[in-house]
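Beneath this line is the structure, given in C-alpha cells, with notes to follow.
The values are calculated or read from the model by the stated rules, or taken from the named source; none is laboratory data. Model, not experiment: these values are computed from the prediction. Glycine gets a Cβ as well: all are built from the backbone with ideal geometry, and neighbour counts include every protein chain shown. Quick note on the areas: whole protein, heavy atoms, side chains included, nothing else; ligands and nucleic acids left out. Shrake-Rupley method; radii C 1.70, N 1.55, O 1.52, S 1.80 Å.
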Amino acid sequence: MPLRRNRTDPAAPRRPRRRIRKLRLLALLLVLGFLAVTAFSYGVVYAVSQQLSGLDPLHQQHQQVDGYVYAGDGHTILAVLRGSQSRVLVTSNEISPWMKQAIVATEDKRFWEHRGIDIRGMARAFWADIRHQGAVQGGSTITQQFVKNSLTGNAPTITRKLKEAALAWQLEQRWSKDQILTAYLNTIYFGNGAYGVERAARTYFGHNAAKLNLPEAALLAGIPEDPTLYDPVAHPQAAKQRRALVLELMLQQGVIDKARYRWASRQPMPKPQDVHLSGVQGVAPYFGEYVKAQLIDKLGAKKVFGGGYRVYTTINLQLQKLARTAIHKWLSDPNGPQAALVALDPTTGAVLAMYGGNNFHASQFNLAVQGERQPGSSFKPFVLATALKQGISPLTVFKSGPVSIFLGNKYWYVHNFEGESLGPIDIAKAIAVSDNTVFAQLTKVVGPSNVARTATQLGITSPLQGYFAIGLGAEPVNPLEMARAYGSFANGGYRIDGSFFGDEPRVVTQIRDESGKVVDTNAPVPKQVLTPEEDEVLTQLLQGVVTSGTGTAAALPDRPVAGKTGTTENYGDAWFVGYTPQLVTAVWVGYPNKLVSMAHLFHGGPVVGGTYPALIWKTFMQSALAAMQAEPKSFPSPPYLSAAGQRVTYRNGLIQADNGLCRDTSIIVYYTGHGPSRTANCKRNEVDVPNVVGWTLAAAQARLAEMPLTPQLIYKPAAPGQSVTRVLKQFPLGGTLSSFDKVTLVLAKPLHGLVPHLVGLPLRTAQKRLARLKLTPSVRFGTGKAGRVVAQAPLAGVAAAPGMTVHLVVARG
C-alpha cells in the first residue's frame with residue numbers, strides 16, 4: 001500500500017500556502033497604492049483649489065503696495081509703481097463689448113468653445129513651429145495666459161506648462177467664461193504703465209473701458225503681444241499695423257463687416273501729447289520710464305506695479321540738470337533740431353544722465369533710447385577695435401580717394417565728403433580726419449561681420465547686419481548704447497554689465513522689498529572685450545580726433561579727451577561721442593520725427609559732428625566733471641609693439657597671405673605674432689572661371705576664349721527630351737585658373753537621334769518620320785491649315801528614345 005507522507009516531510013507540497021501569501025501581499029500593496037493615489041489626488045486638488053481661490057484680481061487688489069523708483073541720491077522719487085494707479089479693476093459690464101471681441105479674436109478665437117486647453121490650437125501652433133523650424137505661434141488659451149500671468153510665471157519648462165494646463169482646466173470648471181475674460185482684461189499689461197484694460201483706456205484715450213469703440217479696442221488688443229514694439233507713443237507706425245491686423249482678424253472671424261473694417265482702419269491713432277501716463281513723476285521722466293521698462297522686462301508687470309519694490313537708480317540729478325542746460329545753450333529753437341544726451345561712469349557702467357527730449361508730456365518718445373539713427377563716422381572706432389583685435393597696426397597705409405570695392409557680385413563705390421582725396425595715409429591719420437574711403441577698405445580687410453560682432457561685444461544691443469557699409473555707420477543705433485560701448489573704451493576694454501540685469505545698461509543699483517529687505521544688488525560685472533594694449537592704442541588714436549582732427553571743438557583745456565564725430569551723408573544726423581577717464585558722454589543732434597537735412601543750420605553751414613554735438617558735449621563735460629570734483633587724469637600710454645608689413649589679398653571672403661602670384665594685393669602692417677593664417681592659392685597669369693552652364697556650346701566656347709581658357713568637351717548619354725545644344729555641367733564651376741587652362745564642359749549625346757521638326761508637315765508625313773525613329777505619336781486637333789501639324793511637344797532638337805510619345809496638334813481647318 002502507498003506510504004502516507006508526514007506533515008514535516010520536506011517533500012510535502014507547499015505551493016497553495018505560498019500562493020495565498022503572495023495574493024495577500026499584492027492585495028495589501030493595491031490598497032496602499034489606492035490610498036496613496038487618493039491622498040495625492042486630494043492633495044493636488046486641494047492645492048489647486050487653494051491657488052485658484054486667490055486668482056480673482058478683486059481679491060488681490062488689497063494686497064498691492066506702492067513701489068518707488070529713486071534717483072541716485074536715494075530719496076528723490078522719480079516714479080511711483082502704483083498697483084492702484086496702474087490697474088483699476090472693473091466688472092464685466094464696465095468693459096466695452098468691442099474690447100472683449102477684439103481680444104478674443106486676437107489671442108484665442110476658440111475661447112468660447114474650449115475648456116481651458118485648446119488641443120486644436122496647440123496642434124496648429126506645433127505644426128507651424130515645425131514648418132518654420134522655430135516658435136512662431138503660441139498655443140496658449142486666454143485661460144492659460146491668465147493663469148501664467150497670475151501664478152506660474154514664464155519659466156520655459158515642461159513642468160510649468162503642465163501645471164498651467166491643469167490649473168486652466170480646473171479654473172474653467174469653477175469660473176464662467178465671462179469671469180475669466182474679465183479677470184484677464186483686468187490683469188494684462190498694455191504698456192506705458194497701464195496694467196489692465198481700464199487703466200489702458202484712460203491712459204491712451206482719456207475715458208473709461210466701457211466707452212472703447214472698435215478702433216480703440218483693436219489698438220489695445222494688439223499691444224499685449226509686445227507692449228514695447230506696439231507702443232502707440234514710441235512706435236506709432238508699428239502699432240497702427242498691429243491694429244490693422246487685429247481688425248483683419250475680426251473681419252475674417254465674422255465679428256465685424258467690411259464697412260466697419262474700412263471705417264475703423266481709417267481712424268487716427270492717439271496723439272502722443274494726449275496720452276495720460278500714470279505714475280510718472282520727477283525731474284528725469286525719460287530715465288524713469290526706461291527704468292520701469294527694464295524692470296518690467298526682467299520681473300514682469302505684475303510684480304513691478306503694486307509689488308512694493310523700492311528701486312534705487314544711478315541717475316545723478318545734478319548732472320541731469322547740467323545736460324539740459326548744455327543742450328538749451330546751443331539749441332534754443334523749439335522748431336529746430338533737438339538733441340539727446342547720455343552720460344555714464346565707465347568704471348561702474350552707471351548711467352548718470354539721460355536727456356531724451358525737450359518735453360516729456362508733449363512726446364514720450366525717448367530720443368536717447370528709442371531714437372535709433374545712423375551713427376555715421378562715430379561707428380568707425382568699432383572697425384578700428386576689430387582691426388586691433390586682429391593684430392593690425394594703425395601704421396598700415398591705404399590710399400585715400402574714391403575707391404570701388406568688389407563684393408563678389410557687385411562693386412561698392414565709396415568717396416569722401418566733397419570728394420576729398422588725401423593720397424596714401426595711415427589708419428591713425430584716417431581716424432583723425434574721418435576718411436571714409438580708408439575705413440571702407442579697412443572694413444573689407446577685417447570683415448564686416450567681425451565689426452558687427454565687436455560692436456555687440458562692446459555694448460551695442462541694436463541688431464546689426466554684417467554689410468560692408470557698417471564700417472561707415474549705416475546701421476542704426478541709439479545714444480545710450482553708443483555711450484555704453486564707448487564706456488568700454490574708457491574702461492580699459494571692459495564692458496560693464498549688471499549682476500541682476502545682465503547685458504543691459506546699468507541704471508539700477510539695488511532693489512528692496514516693502515520691508516526694506518534687499519531683493520537684489522545689481523553690482524557691476526566687467527566683461528573683457530579688448531586687451532589693455534589694444535584699448536590703449538585705440539584711445540590714443542581717438543585722442544587724435546580731438547587734438548588735430550574733426551573733433552577739435554570738443555577739446556577740454558585741462559584734460560585729455562578721446563572721441564569721435566559722426567555725420568550722415570545727407571546731414572540728417574550728427575553725433576559726438578567722447579570720454580575722459582572718469583566720464584563718457586554721447587550726444588546726438590537731429591530732428592526727432594523724421595530725417596531732415598541740416599545742411600545750412602550751423603551759421604549757414606552744415607551741422608556735422610564737430611559743430612553742435614561737439615559743443616554740447618564740451619559744455620556738459622566741463623560742468624559735469626567740475627560737479628563730480630573729478631581731477632584731471634591722463635589715459636594710460638600704449639606700450640611699444642613691434643610690427644612688420646605683410647602683402648595680402650582679399651580672396652573668397654577672407655584676407656590671405658600673398659603667395660607671390662596674386663594680382664590685387666595690399667600691404668598690411670601686423671603686430672608681431674599676427675597676420676593671415678592662410679596663404680592664397682593664386683595662380684600664374686590667373687583668370688576667373690566664368691559659369692557657362694546652360695549656355696549654348698558656341699556661346700560657352702566664345703566666353704571661355706575671351707578669358708582666355710581652353711574648353712574641353714565630354715559627353716554623357718542624353719535622357720529622353722533633354723536638350724543636346726546646351727552645357728549641362730562644367731568643371732571647375734568657378735574660382736580661378738591660369739590662362740589657357742582647360743575647363744571641362746559636359747554636353748548630352750543622343751543615342752537614338754533627335755526629335756524631328758514636324759510643325760507644318762501633313763499628319764501622315766509626320767507620323768512616318770516618327771515611326772522611323774520608333775517614336776509614338778499622340779494626336780489632338782486644333783485650328784489652322786487643315787491636315788497640318790501646328791504644334792508639337794517636346795520641341796524639335798531634343799534627344800529621342802524608342803517608345804517616346806510626341807504630342808501633335810493637327811488642324812482640322
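Taking label positions 7 Å along the Cα-Cβ direction at both Gln528 and Thr461, the computed distance is 2.5 nm, reported to one decimal. The chymotrypsin sites (Phe, Trp or Tyr not before Pro) of segment 680-781 that DSSP puts in a loop, and whose beta carbon has at most 15 other beta carbons within 10 Å, are Phe740. Phi angles of segment 576-585 translate, via the Karplus equation with coefficients 6.51, -1.76, 1.60 and θ = phi - 60°, into HN-Hα couplings of 9, 10, x, 7, 10, x, 9, 8, 10, 9 Hz per residue; Gly and Pro are given as x.
Please label the shape of segment 337-471 as rounded, prolate or oblate, based on the square roots a ≥ b ≥ c of the eigenvalues of the alpha-carbon gyration tensor (a/c under 1.5 means rounded; beyond that, a/b larger than b/c means prolate, else oblate). Cα axes put segment 337-471 in the prolate bin.
Spin-label pair Ala796-Val519: with each label point 7 Å from Cα along the Cα-Cβ axis, the two points sit 8.5 nm from one another.
At full extension, Leu162 and Thr736 could sit 200.7 nm farther apart than now, given 0.36 nm per residue minus the alpha carbon distance. Note on the chain: helix-only mean residue ellipticity at 222 nm, from DSSP H runs of 4+ residues weighted -39500 (n - 2.57) and normalised by residue number, equals -11000 deg cm²/dmol.
Taking the Kirkwood radius as Rh and the Cα radius of gyration as Rg, segment 600-695 has a ratio of Rg/Rh equal to 1.31. In this structure the chain gives 48 Å² per residue of accessible area when probed at 1.4 Å with all protein chains present. For segment 555-646, chymotrypsin sites (Phe, Trp or Tyr not before Pro) are listed when DSSP marks them as loop and at most 15 other Cβ atoms sit within 10 Å of their Cβ; the list is Tyr640. What the Kirkwood sum gives for segment 300-388 is a hydrodynamic radius of 15.9 Å, with every pair of different alpha carbons counted. The string of couplings for segment 614-630 from the Karplus curve (6.51, -1.76, 1.60, θ = phi - 60°) is 5, 5, 4, 4, 5, 4, 5, 5, 4, 6, 5, 5, 5, 5, 7, 6, 8 Hz, one whole number per residue in order, with x for Gly and Pro.
If you take the alpha carbon atoms of segment 194-243 and fit the smallest convex hull around them, that volume is 63 Å³ per residue.
Grouping the Cα pair distances of the chain into 10 Å bins from zero gives a pair-distance distribution of 2, 10, 15, 15, 14, 13, 12, 9, 5, 2, 1, 0, 0, 0 percent in increasing distance order.
For Ala791, what charge total do you get from the other residues with a beta carbon under 14 Å from its beta carbon, if Lys and Arg give +1 and Asp and Glu give -1? Here the count lands on +4. Pairs with C-alpha atoms separated by more than 21 Å, drawn from the list Lys444/Lys742; Lys594/Lys618; Lys303/Lys517; Lys109/Lys303; Lys109/Lys148; Lys329/Lys618, are Lys444/Lys742; Lys594/Lys618; Lys109/Lys303.
A Förster radius of 41 Å, combined with the Cβ-Cβ distance separating Gln252 from Gln273, puts the computed FRET efficiency at roughly 0.75. Extension gain, Glu420-Glu94: 0.36 nm per intervening residue step, less the Cα-Cα distance, totals 110.6 nm.
DSSP beta bridges confined to the chain are antiparallel in about 80 percent of cases.
Segment 678-750 and segment 636-663 have their alpha-carbon centroids 34 Å apart.
Residues whose amide H comes within less than 5 Å of that of Val519, counting only those at least five positions distant or on another chain, are Ile511, Arg512, Asp513 (H built at 1.01 Å from N in the peptide plane). Phi angles of segment 382-389 translate, via the Karplus equation with coefficients 6.51, -1.76, 1.60 and θ = phi - 60°, into HN-Hα couplings of 6, 5, 4, 4, 5, 4, 5, 4 Hz per residue; Gly and Pro are given as x. Lys240 exposes around 90 Å² of accessible area when a 1.4 Å probe is run over every protein chain in place.
Note on the chain: with neighbouring protein chains present and a 1.4 Å probe, carbon and sulfur make up 54 percent of its accessible heavy-atom surface. Take the Cα of Gln712, go 7 Å toward its beta carbon, and the backbone nitrogen atoms of segment 737-753 under 15 Å from that spot belong to 737-747. Loop-located trypsin sites (Lys or Arg not before Pro) across segment 508-590 with a Cβ neighbour count of 13 or fewer within 10 Å are Lys517, with loop assigned by DSSP. Against the empirical 2.2 N^0.38 Å (N residues), segment 556-664 has a Cα radius of gyration ratio of 1.58. Taking all protein chains as they are arranged and a probe of 1.4 Å, the heavy atoms of Val529 leave approximately 20 Å² accessible to solvent.
For Asn436, the shell of other residues with beta-carbons less than 12 Å away shows a net charge of -3, using +1 for Lys and Arg and -1 for Asp and Glu. Stretched out straight at 0.36 nm per residue, the stretch from Arg703 to Leu395 would grow longer than its current Cα-Cα span by 106.6 nm. Please report the spacing between the Cα centers of segment 422-469 and segment 347-375 in Å, no decimals. About 26 Å separates the Cα centre of segment 422-469 from the one of segment 347-375.
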